[in-house]
2 protein chains.
Amino acid sequence: MNAILYNGSDDKRFVPEESQMRIEAFTIDGLPLVGEGDDLAGMILDRVDFENYDILAIASTVVSKVEGRVREISEITPSDEAQRIAQKLDEDPRFVEAVLDECEEVLIEAPFMLVRRRGGHVCVSAGIDRSNIEEGKLLMLPKNPSQTAAAIRSRIFEETGKKVTVLITDTNGRAFRVGQTGIAIGASGMRPLLNWVGRFDLFGNVLTVTNEAIIDEIAGFANLLMGEGDGGTPAVVIRGLRVFEDVDVFSDIIRDENEDVIIAALRQMKSRDT
Amino acid sequence: MNAILYNGSDDKRFVPEESQMRIEAFTIDGLPLVGEGDDLAGMILDRVDFENYDILAIASTVVSKVEGRVREISEITPSDEAQRIAQKLDEDPRFVEAVLDECEEVLIEAPFMLVRRRGGHVCVSAGIDRSNIEEGKLLMLPKNPSQTAAAIRSRIFEETGKKVTVLITDTNGRAFRVGQTGIAIGASGMRPLLNWVGRFDLFGNVLTVTNEAIIDEIAGFANLLMGEGDGGTPAVVIRGLRVFEDVDVFSDIIRDENEDVIIAALRQMKSRDT
């Protein structure tokens, strides 16, 4: 039994070794299509009876829509830089301009744009979505997803008195492996990393796994339950897993750009290619 | 409601839109410490009443132990190559030798060894574990985890008649983000990728997310439930998620080494540094 996790409903942090961990997860169905200014937290509260330590995962797309993070492609004027990269990609330069506007650094220009966003999140095309939005429009990632998560967490606490963890998720590619998985791009009410330092293995040795990115393990599973597209559900509750803490420390999960060996390699490659 | 997933117990592949998806996950507690030749499948069968379409996730460490994938550090003679890399890493050259023995290519030598294993799995130190094993010994990843998963799946079907998906999981670092997450290193009884091509988004556009690596979204969550070290549980069941198919196609998830831009960048960096 994993002592730092939790499977009950009262306020204890640890559970006895003999108890089995049981987790429940469910989709929040029936949410309407949302638009700018809609009360997303209210819509969720209408549909879920929260319990203490529930984890609420929300797809970034709905947060972006509520926040009006939409651009009209026709209103974008591409820069020279955008024109240059668009040619390499055989892509609409206005789309490339939108990506450049969202990011701090382009790590790979082609065959896809891998960029570092403000705040450090590395993703393809700055996470801009052309699906699940009307044609001719672009949906950007939320401006400050952790702030949004914190606001939703407060609102749930105010209305229900329940301590709930809130994650904002997005679908992200990764190195070396095919396919995309859900990750958290913002959160409130949990530590993203579970630090095993000082704990012992089965033979009394100190553990070498020091940081487990539990937030992304949760976000990935939530993303799977959400699905994609017209059959998807943009919000999921995971119940029975005690990760709640009254903290806002999401940025712990972003590796310092100057300590990342793969960023260093990509920068070298780019400086050689351009 | 995500139409390709499933929340019931009969044989239908699709569920009506109005039904909510509910998932349950639990640890398999009370497994003894295992050793070479132990009947792992039997131990699990003694403790779980499987249902059709259950997903059984097993930590690679216990599979490795049952398969005797253990080396005595004292019996390893390091090569010149191992000596050279060990010096850069300030590491035991015998450990480096064990890593080299397990891998096809070293992508990064220092500050940590990132290698490509036979079969294409990219990981740090070839996934060799010095935790959860007696001091002076190394635990290698299972030889052929998908084969093991297939054998366990067959055994469960023979004894119970239940169609179960089996995953073997390991804990893996990743680019750009701090912390490690669980991934699948082998599987039987599911497709690792869910292909959304041809499906439509909420506005009738064709989806751009084509491949969701659902196997790693499941493996990550299972890894979280397992925990690490002396309080950990090496096996987990996820119930209510219909991903079962009678296939053995795990290798779909490994990206072709020659199509991976990040591998290309790491090779360039290495050829410049050495």
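A few notes on this one:
- Sequence-separation-based contact order of chain B, relative, with Cα cut under 8 Å and 6+ spacing, percent: 24 percent
- Cα long-axis angle, helix B:80-89 against chain B (0 to 90 degrees, to the nearest 10): 80 degrees
- Interatomic Cα distance distribution for segment A:219-274, bins of 5 angstrom, percent: 4, 12, 12, 12, 13, 12, 15, 11, 5, 2, 0
- Three-way shape call for segment B:58-99 based on the alpha-carbon gyration tensor, with the a/c threshold at 1.5: prolate
- Between copies, the label points of B:E75, set 7 Å from Cα on the Cα→Cβ line, lie 7.1 nm apart, reported in increasing order to one decimal in nanometres.
- Its alpha carbons considered, segment A:70-140 gives a radius of gyration followed by a Dmax of 11.2, 29 Å.
- For chain A, calculated [θ]222 nm from helices alone, where every DSSP H run of n ≥ 4 adds -39500 (n - 2.57): -8000 deg cm²/dmol
- Residue-averaged beta-carbon neighbours from other chains (10 angstrom radius) around A:258-265: 6
- Long-range amide H partners of B:N172 with built H, under 5 Å: B:T181, B:G182, B:I183
- Calculated from the alpha-carbon coordinates, chain A shows an Rg and a Dmax of 20.2, 64 Å respectively.
- Distant-in-sequence amide contacts of B:M113, defined by a placed amide H-H separation under 5 Å and a gap of 5 or more residues or a different chain, comprise B:S125.
- With only the Cα atoms considered, the protein assembly as shown has a convex hull volume of 137 Å³ per residue.
- Ascending list, in nanometres, of distances separating the B:F157 label from those of the other copies (7 Å, Cα toward Cβ): 5.1
- Taking the fewest neighbouring Cβ atoms within 10 Å as the starting point, the ordered list for B:D246, A:D29, B:D216 is B:D246, A:D29, B:D216.
- Near A:R255, the amide H atoms lying under 5 Å from its own belong to B:R177, B:V178; only residues 5 or more places off or on other chains count, and H is placed 1.01 Å from N.
We did not get these values from a lab; they are worked out from the coordinates using the rules stated. Since the model is a prediction, treat every value here as computed from it, not as a measurement. Because the Cβ atoms are built from the backbone with ideal geometry, glycine has one as well, and the counts that use them run over all protein chains shown.
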